[in-house]
Amino acid sequence: MLLAAPVRSLCRIALLGVVAFAAVSGWACADVGVGDVSAPADSASGELGFRLAGPGGAAVVVPVHINGQGPIDLILDTGATMTCVDSSLARELSLPEQRLTIGTAIGVGGAGRVRVHRVDSLRVAGSVTRRLSVCAMDLSAMKVVAPGVRGRLGLNVLRRFTMTLDFERKVLRLAAPAARGVAR
């Protein structure tokens, strides 16, 4: 099976993704920063393999590099508006906290504040997002579903790309969208 859809159109069904992921992890982060994205000159950001985790393979796990460190496994989460990492990973990578930025996590179990950190670079396949805000929170509950996963990759990275998930080959492809004639 091959599934291809512009990530922007996924925003319309983001509520379903929030509910689905919230059921697994109990949380969804509010977006407080998008970051700058760069792609190779040919506009093809590349492919990378993914694995399925959790009951029935419900979670797509992709390896990323944060500030040059990795690979670090994150769940691809089109329902999360913001990329989030486990608090322990934020400490391990010494991610600087954005103290004047307020983040809020909303989940099935309630809502609360989260710490927001700055990432200099986050690389997925051949794509690099720079100057990215990420939330940090206790994501230890995800380890039941996907051991070794340290966070989730959200729309503040994914929405800049056309994303293709090839489940037959277990490959994620990110490509810069074709020019739309509209200034960003």
Exercise. Determine whether VAL60 is of a type outside the set (Gly, Ala, Ser), touching a Leu at 6+ places or on another chain (Cβ under 7 Å) and in a strand (DSSP E or B).
Key: yes
Self-check item: Every residue from the range 142-173 that is aromatic (Phe, Trp, Tyr) and loosely packed, with under 15 Cβ neighbours inside 10 Å
Solution: PHE167
Exercise. Just need a number here: residues in the range 164-182 that are at pLDDT 90 or above and within 11 Å of SER127 (Cβ to Cβ).
Key: 1
Exercise. Within the range 31-52, identify whether any single residue is assigned to a loop (DSSP other than H, G, I, E, B) and at pLDDT 50 or above, and answer yes or no.
Key: yes
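Quickly run through the range 159-177 and pick out the residues that are under 21 Å from LEU52 (Cβ atoms) and of a type in the set (S, T, N, Q).
Selection gives THR164 alone.
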Practice problem: Being in contact with a Pro (Cβ under 9 Å, 6 or more places away or on another chain) and within 13 Å of PRO147 (Cα to Cα) is the filter; apply it to the range 63-101 and report the residue that is surrounded by the most Cβ atoms within 10 Å (Cβ to Cβ). | Solution: LEU74
Practice problem: Please enumerate the residues belonging to the range 112-126 that are of a type outside the set (Lys, Arg) and assigned to a strand (DSSP E or B). | Solution: GLY112, VAL114, VAL116, HIS117, VAL119, ASP120, SER121, LEU122, VAL124
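The values are calculated or read from the model by the stated rules, or taken from the named source; none is laboratory data. The structure presented is a predicted model; accordingly, all values stated were derived computationally and were not measured. Ideal geometry is used to build each Cβ from the backbone, glycine not excepted, and the neighbour counts take in all protein chains shown.
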